[in-house]
Amino acid sequence: MSTYKKILVAIDQSPRSKEVFQQAVDLAKAQGAKLKLLHCLTLPRSSQDFGDRYNANLEQFMQLAQQQVAEGMEATRRWMNGFVHDAEAMDVEVDWDWRMGEPGNQLCTAAKDWGADLLIVGRRGHRGLQEIVLGSVSNYVLHRAPCSVMVVQGAVPA
């Protein structure tokens, strides 16, 4: 088994994140690795048609987006600090960051920028049409990450 020194962990607000985090902490502790937790914020989807011919709703959309990003950043800061506290209590060196954009691309870029040896992501277990419609961050990462990838499998729907 490889020795990992820098483990990047994808954390979202799904129920799977606690399990992903725990597996990452256990592995980091066993390997003496540093952890970096990463959360991706995406731009809000608007129910308004902001792309009309005269951009009449663009200003409203931008105000809404700025407000939602600011609220999301503050909530992320509080939430991620809880994970950091838990990792530090287990004597694991940990830091966190967030990025704006599509999670798959942002995770791969962050892994490259930080020089991660391993990227850990969760997988919700979507299949078929659900996976096509909702996309698959884990699938994107598996095919594009610049390092090894560990996927923590979610419960497979019946």
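The values are calculated or read from the model by the stated rules, or taken from the named source; none is laboratory data. On a predicted model such as this, the values are computed, not experimentally measured, just so you know. Heads up, the Cβs are rebuilt from the backbone with ideal geometry, glycines too, and the neighbour counts pull from every protein chain shown.
If you check residue 117 against the conditions, is it surrounded by 15 or more Cβ atoms within 10 Å (Cβ to Cβ), among the charged types (D, E, K, R) and either touching a Cys at 6+ places or on another chain (Cβ under 8 Å) or at pLDDT 90 or above (or both)?
Here the answer is yes, as residue 117 does meet what is asked.
Would you please name the residue that is surrounded by the fewest Cβ atoms within 10 Å (Cβ to Cβ), looking only at residues in segment 88-113 that are among the hydrophobic types (A, V, I, L, M, F, W, C) and closer than 12 Å to residue 9 by Cα?
Per the stated criteria, the residue is 98.
Taking into account only those residues within segment 141-158 that are at pLDDT below 90 and not hydrophobic (A, V, I, L, M, F, W, C), which is surrounded by the most Cβ atoms within 10 Å (Cβ to Cβ)?
For segment 141-158, the residue satisfying everything is 154.
Looking at segment 77-91, which of its residues are closer than 21 Å to residue 151 by Cβ and part of a loop (DSSP other than H, G, I, E, B)?
Once the filter is applied, which keeps residues that are closer than 21 Å to residue 151 by Cβ and part of a loop (DSSP other than H, G, I, E, B), segment 77-91 yields nothing.
Considering only residues that are of a type in the set (S, T, N, Q) and part of a helix (DSSP H, G or I), look in segment 1-36 and name the one that is nearest to residue 90 (Cα to Cα).
So, considering only residues that are of a type in the set (S, T, N, Q) and part of a helix (DSSP H, G or I), the one nearest to residue 90 (Cα to Cα) is 22.
Just one of (1) surrounded by 15 or more Cβ atoms within 10 Å (Cβ to Cβ); (2) at pLDDT 95 or above; (3) part of a helix (DSSP H, G or I) trips up residue 64, so point out which.
For residue 64, the failing item is (2).
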